[in-house]
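To keep things clear, I will list the structure first and then write my remarks on it.
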Amino acid sequence: MIAVVLGGAAVLVALAALAYRRLRQHRVARTLTLDTSTGIAESRYVRIGGVDQWIQIRGVDRTNPILLVLAGSGLTTEPFTPSLRAWEQHFTVVLWDRRDVGRTRGRNGKAGYGTWTFDRLADDGVEVAEFACRHLGQDKVVLVGHSQGSIVGVTMARRRPDLLHAYVGTGQITDMARNEPLTHRMAVDRARAAGNRKALRALEKLVPPYPDARTWITKIRWSMATDPEHRSWRREAFAAVLSWPAYTLADVRRSALGALFLPPLLFAGTMSCTPETLGTRFEVPVFLLHGDTDLYTPPSLAEEYLAAVDAPTKEFVRLPDVGHLSLLTRPDPFLAELLARVHPLTTTPPAA
């Protein structure tokens, strides 16, 4: 009898939670309404690289410059659209779930994941940019690469400068052989200062170089345990994903666990990343907008990389009081820098 009562109570709680989630989804959907007579609000699968890949295109004016966002490892940015609403006033924002992320992985699974490389993702990214340009009657995009997406972005920028107004990196990965010992030491120091003995013991066993993706992800997880920015954002992120109108519970689960999925060649490509493998000669303007408290890709390494870069225009901007997730945690200051430094470069007339 007690088991029946407890089971019934659990069902009621679950139903109430689902009802509240649906209410939140409806509220979010209402806030996202755009006038599509002048703007655009589309979400769809597009055939990219021989498979269906999910993209979202939003903006208040279809003639605004296109801004294509390349997210970090395992991160789908679609649920964070409400945070980027101000961007949609000035850019047509394109968010893309690449092969190892979100709805694209939901549609295609892990088929072929052992062959996925940054070159493969850059080829896909070029196709996404070309599709967006055709669809919107333009000929170039502003490319924003975050964290692991910055490797994809740099590869695209060097491969197809004709497609870009500019490349913007944030949380830019540059030299992992130096990055990992430095960030590991920072994480150990934070854990010791915070008196987090569990994190400290774990981190002291996870000394770079890392033999596989699982070990590296574990190091990052323990590093995040003492990162105030990430701990605060994690709660907001889960609420955003849970409330995203178009997401099923399977999408929510996939998004929550996305960071744990890192195909082997993408891990190897990340660990072997150096200024030489990235390249330093660019035919497009290069901007690095970097959080000055970034605990995972320290700004000192990114600034050193940009100093070696040869580009028509280049600028390094430290975003104050913000870390690795500046794109999502502080979108307004990030937008202000885009408008001041990048938007003026987008005056190229649209393609016929």
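Pick from A311, A340: which is surrounded by fewer than 21 Cβ atoms within 10 Å (Cβ to Cβ) and over 23 Å from the mean Cα position of the chain (by Cα)?
Of A311, A340, the one residue that is surrounded by fewer than 21 Cβ atoms within 10 Å (Cβ to Cβ) and over 23 Å from the mean Cα position of the chain (by Cα) is A311.
Would you check which residues across segment 279-331 are under 23 Å from L345 (Cα atoms) and β-branched (V, I, T) and list them?
T280, V284, V286, V309, T313, V317
Could you check segment 11-54 and list, in sequence order, the residues that are in contact with a Ser or Thr (Cβ under 6 Å, 6 or more places away or on another chain) and modelled with pLDDT of 95 or more?
Q53, W54, listed by residue number.
Out of the residues in segment 194-238 meeting the condition of being small (G, A, S) and over 21 Å from N179 (Cα atoms), tell me which one is farthest from the chain's Cα centre (by Cα).
G195
Select from segment 158-178 the residues that are assigned to a helix (DSSP H, G or I) and either modelled with pLDDT under 95 or among the basic types (K, R) (or both) and list them in ascending order. Reasoning before the result, please.
The first filter runs over segment 158-178 and keeps only residues assigned to a helix (DSSP H, G or I), leaving 158-159, 161-163, 176-178.
If the condition is that a residue be assigned to a helix (DSSP H, G or I) and either modelled with pLDDT under 95 or among the basic types (K, R) (or both), then R158, R159, R178 are the ones that fit.
From P209, P181, which residue is in a loop (DSSP other than H, G, I, E, B), of a type outside the set (A, V, I, L, M) and either under 22 Å from L301 (Cα atoms) or modelled with pLDDT under 95 (or both)? Spell out how you get there, then give the answer.
Working: P181 fails: in a loop (DSSP other than H, G, I, E, B).
Sole residue among the options that is in a loop (DSSP other than H, G, I, E, B), of a type outside the set (A, V, I, L, M) and either under 22 Å from L301 (Cα atoms) or modelled with pLDDT under 95 (or both): P209.
From the list D61, D97, pick out the single residue that is under 23 Å from L164 (Cα atoms), touching a residue at least 24 places away in the same chain (Cβ under 8 Å), out of contact with any His (no Cβ under 8 Å at 6 or more places or on another chain) and surrounded by 22 or more Cβ atoms within 10 Å (Cβ to Cβ).
Checking each option against the conditions leaves just D97.
Before we move on, is L288 part of a helix (DSSP H, G or I), aliphatic (A, V, I, L, M) and at pLDDT 95 or above?
Judged against the criteria, L288 is not a match.
What is the residue count in segment 132-157 for residues that are in contact with a His (Cβ under 6 Å, 6 or more places away or on another chain), farther than 12 Å from F287 by Cα and in a strand (DSSP E or B)?
Number of matching residues: 0.
Take the residues of segment 217-241 that are among the hydrophobic types (A, V, I, L, M, F, W, C), touching a residue at least 60 places away in the same chain (Cβ under 8 Å) and in contact with a helix residue (DSSP H, G or I) (Cβ under 6 Å, 6 or more places away or on another chain): which is nearest to S83 (Cα to Cα)?
A240
If you scan segment 263-284, which residues turn out to be surrounded by 16 or more Cβ atoms within 10 Å (Cβ to Cβ) and either in contact with a strand residue (DSSP E or B) (Cβ under 9 Å, 6 or more places away or on another chain) or without any contact (Cβ under 8 Å) to a residue 24 or more places away in the chain (or both)?
Within segment 263-284, T280, F282, V284 qualify.
Any residue at all in segment 63-74 that's farther than 19 Å from V168 by Cβ and not in a loop (DSSP other than H, G, I, E, B)?
No: segment 63-74 contains no residue that is farther than 19 Å from V168 by Cβ and not in a loop (DSSP other than H, G, I, E, B).
The values are calculated or read from the model by the stated rules, or taken from the named source; none is laboratory data. Since the model is a prediction, treat every value here as computed from it, not as a measurement. Reconstructed Cβ throughout: ideal geometry from the backbone, glycine too, with neighbour counts over all protein chains shown.
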